[in-house]
Amino acid sequence: MKISKTHPLLLGIFLSCFLSCKSQNSPITVNFDKSSKNKWAIDELNAKLPKDWSNSEFLTFDIYATSPQRFNLVLHDKTGERRITVLPFQNAWVRASIPLIHFQRRNVVGHDMAAIGKTALPGMCINFTGKVGAIDNIDSISFEMDRPLNSPSLEIRNIQLTVNARDSILSPIPAVNKFGQWIAGNPGVFTSDDELVASWKKDDQDNTKGEFGFSKYGGFLKERVRGTGFFRTEKMDGKWWLVDPEGYLFYSIGSTGINPGISFSRTKGREYIYEELPPLIKSTGVRSEENSYYTWNLTRRYGENGWMERWIEKTTRRMDQWGFNTIANWSDEALCQSRKKAYVKNLYGWGFNANTMGMPDPYDPGYIRLVDSSAKAQCEPLKNDPYLIGYFVGNEPPWPGRENELVEVILNGEATPLQTALKNFLKEEDSPIRRKAFVYDTYSKFIQIINQAIEKYDPNHLNLGLRFGGNPPDEIIAASANVGFDIYSLNVYSYRISERVFEKIDRLTDLPIMIGEFHFGTPGKGLAPGLAQTINQKERGIAYGYYVENAAAHPSVVGTHWFQWLDQPSTGRFDGENYNIGFLDVTDLPYSELVDGAIKTHERIFDIHSGNVLPTTQQAKNQ
């Protein structure tokens, strides 16, 4: 679909912008440095704005951001703050309608932390911070940014309260070229197929690689112990290791999202911002609202017939050259089953319920049958696969630390066996301590049902745990010690692991630890820096080395898995995230500085985890 310069939808948008801008106050400019004003009384923004916003649905305004860095939009009254975090598009005028409900109440609908913590709007992504309250006496608005890079600024105009959403992307149009690259402010975009083909040829000639001494399954040839034909764990001289099927010591170096079709752009309703939409590509499925420019670029590079096989071959070669020995979560099944790399698998079908903050109902008489059926279907076919390291049971449950909210959701929800069990539990005493106790009793109940079913249908592979987020409460760590996990897994988005948190996990579980997700990005090319930013691509490589090496130096850590192999779409994935977090960009070209940093670190991993070499002390610049 090519967009004409006289597209009627565009004419309507520009006319709407012109008329509204003429009728509103002058724009304000926010410069994110210490000396600049970042807070305005509401009558400075629009003299017609009331203080009581409770009868409106949206805060609507036009915004132009010079950087895709996230910022906080903060409402103030005499009692405190209500805030959300905004991920804006870069160098484009966008009309945004922020649902006011997110300033008033914490979201409690979502099966994991990502789903419960953010939402996508047509022209941006917003994250929920938990700073909420009444909006009936708002006196001012401020805009704040943590660690601003390269003097970013916002221009904001036409601020008003509305009953209906008015989101749209105003200009410049088109915003994304036919290769999926963000155009505005991005001098590095490709303007022709020939330019892209020339870059691919150069990439094919790049033989950058390290020397890692890997075995057939990715273990280290430097040391061998007893092999069992499958991956297992062993503690040696106070250090936990994985052991590969042949008995070689193994440390899992992985990336999630190694997938030719995972990076889908949300296009429905905003088709006009794309220079051209990708065609439906065979083997990617029918997607009426999402399109993958990365997949389209793969067909350009490798041909419409046989592109998948060539992508698997190229990806495997890249992993070999860069020192990745594990295909981590959310990756392509065909790649995993190519039997060329060790891999992990994420399991589904446990009844994790978005309406109860991800908590399933293990009190339902049919729950054991549901779990048994799901485990049989997913685990039994893989029980003899030596390349499979093990299973993740789930991902980032959102209720740890929010137990009382979960209890309120259950009590105020529909009648279920879960609700009945809760009410009976609270008859003896209804207190915060009892409520929390019910949540963790329920966790222990459902996770043991799941883990026993996995063991029943596949006794050969490791149970890699639930991939908790960040720093979960002590109660959930302790409750995870004797429920059938072989490894305690968690996702840690920071610049290094916390020794205090990991010592606590050691003390409460005595299990090896796997880091399921971490990353670093930098703002630019229309992409946000992700959850941990650096100032440029070179610093991403330094940040990778510092994080991974210091994690590997911990005696209980047996693996680090990067999130993710590929950049997210510049216009946002399903939930609005548009992070520069890939080893590859949307055109299937690598970030060489990140690759170089990873190779250097991967060559040192065995000696660092063995205690023979100290981890790097060089930290990345992030501010």
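The values are calculated or read from the model by the stated rules, or taken from the named source; none is laboratory data. As the structure is a computational prediction, the values presented were derived from the model and not from experiment. All Cβ positions, glycine included, derive from the backbone under ideal geometry; neighbour counts span all protein chains shown.
So the values come out like this:
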| quantity | calculated |
| --- | --- |
| Selected residue [closer than 30 Å to PRO245 by Cα and touching a Pro at 6+ places or on another chain (Cβ under 7 Å)] from ILE513, ILE487, ILE450 | ILE487 |
| Helices (runs of 4 or more DSSP H) enclosed by segment 1-106 - at least 3 residues per element that are within 29 Å of THR267 (Cα to Cα) and modelled with pLDDT under 95 | 8-23 |
| Flag if TYR391 is crowded, with 17+ Cβ neighbours inside 10 Å, at negative phi and over 22 Å from the mean Cα position of the chain (by Cα) | no |
| Selected residue (criterion: surrounded by the most Cβ atoms within 10 Å (Cβ to Cβ)) from residues of segment 261-315 that are modelled with pLDDT of 95 or more and of a type in the set (Val, Ile, Thr) | THR315 |
| Given (1) outside any helix (DSSP H, G or I); (2) of a type in the set (A, V, I, L, M); (3) over 23 Å from PHE438 (Cα atoms), number of the condition MET359 does not satisfy | (3) |
| Those residues of segment 149-162 which are in a loop (DSSP other than H, G, I, E, B) and crowded, with 19+ Cβ neighbours inside 10 Å, in sequence order | LEU149, PRO152 |
| Filtered residues of segment 185-223 (kept if farther than 17 Å from LEU589 by Cα and out of contact with any Gly (no Cβ under 7 Å at 6 or more places or on another chain)) | GLY185, GLU211, GLY213, PHE214, SER215, LYS216, TYR217, GLY218, GLY219, GLU223 |
| Lone unmet requirement of (1) at pLDDT 95 or above; (2) touching a Lys or Arg at 6+ places or on another chain (Cβ under 7 Å); (3) under 30 Å from SER140 (Cα atoms) for TRP182 | (3) |
| Any helices (runs of 4 or more DSSP H) falling wholly within segment 521-623 and containing at least 2 residues that are touching a residue at least 40 places away in the same chain (Cβ under 8 Å) and touching a Leu at 6+ places or on another chain (Cβ under 6 Å) | 537-552 |
| Residue satisfying all of: in segment 491-520; of a type in the set (D, E, K, R) and outside any loop (DSSP other than H, G, I, E, B); farthest from ILE476 (Cα to Cα) among these | GLU499 |
| Residue check, ARG318 at pLDDT 95 or above and outside any strand (DSSP E or B) | yes |
| Some residue of segment 438-460 being out of contact with any strand residue (DSSP E or B) (no Cβ under 7 Å at 6 or more places or on another chain) and among the basic types (Lys, Arg) | yes |
| Condition broken by TRP240, with the remaining ones in (1) touching a Phe, Trp or Tyr at 6+ places or on another chain (Cβ under 9 Å); (2) outside any loop (DSSP other than H, G, I, E, B); (3) more than 30 Å from ASN297 (Cα to Cα) satisfied | (1) |
| Sole residue being out of contact with any Cys (no Cβ under 6 Å at 6 or more places or on another chain), over 22 Å from ALA552 (Cβ atoms) and not in a helix (DSSP H, G or I), chosen from GLY261, GLY254 | GLY261 |
| ASN355 being surrounded by 14 or more Cβ atoms within 10 Å (Cβ to Cβ) and either modelled with pLDDT of 95 or more or touching a Leu at 6+ places or on another chain (Cβ under 9 Å) (or both) | yes |
| Pairs where the first residue, in segment 208-235, is exposed (fewer than 14 other Cβ atoms within 10 Å of the Cβ) and the second is aromatic (Phe, Trp, Tyr), C-beta under 6 Å, 6+ apart | GLY213/PHE220; LYS222/PHE606 |
| Failed item in (1) farther than 27 Å from ASP206 by Cα; (2) among the hydroxyl-bearing types (Ser, Thr, Tyr); (3) part of a helix (DSSP H, G or I), with TYR348 passing the rest | (3) |
| Positions within segment 499-525 being of a type in the set (Gly, Ala, Ser) and modelled with pLDDT of 95 or more, in sequence order | GLY516, GLY521 |
| Any hit, segment 218-225, residues being in a loop (DSSP other than H, G, I, E, B), among the small types (Gly, Ala, Ser) and at pLDDT below 95 | no |
| Failed item in (1) in a helix (DSSP H, G or I); (2) of a type in the set (A, V, I, L, M); (3) surrounded by 17 or more Cβ atoms within 10 Å (Cβ to Cβ), with ALA478 passing the rest | (3) |
| Enumerated helices (runs of 4 or more DSSP H) restricted to segment 395-457, each holding at least 2 residues that are under 20 Å from LEU347 (Cα atoms) and touching a residue at least 60 places away in the same chain (Cβ under 8 Å) | 432-457 |
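Okay, residues lined up against (1) outside the structural domain of VAL74 (by TED's automatic domain parsing); (2) under 25 Å from PRO99 (Cα atoms); (3) out of contact with any Ser or Thr (no Cβ under 7 Å at 6 or more places or on another chain):
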{"site": "SER142", "(1), (2), (3)": "no, yes, yes"}
{"site": "PRO148", "(1), (2), (3)": "no, no, yes"}
{"site": "SER153", "(1), (2), (3)": "no, yes, no"}
{"site": "ASN158", "(1), (2), (3)": "no, yes, no"}
{"site": "ASN177", "(1), (2), (3)": "yes, no, yes"}
{"site": "ILE183", "(1), (2), (3)": "yes, no, yes"}
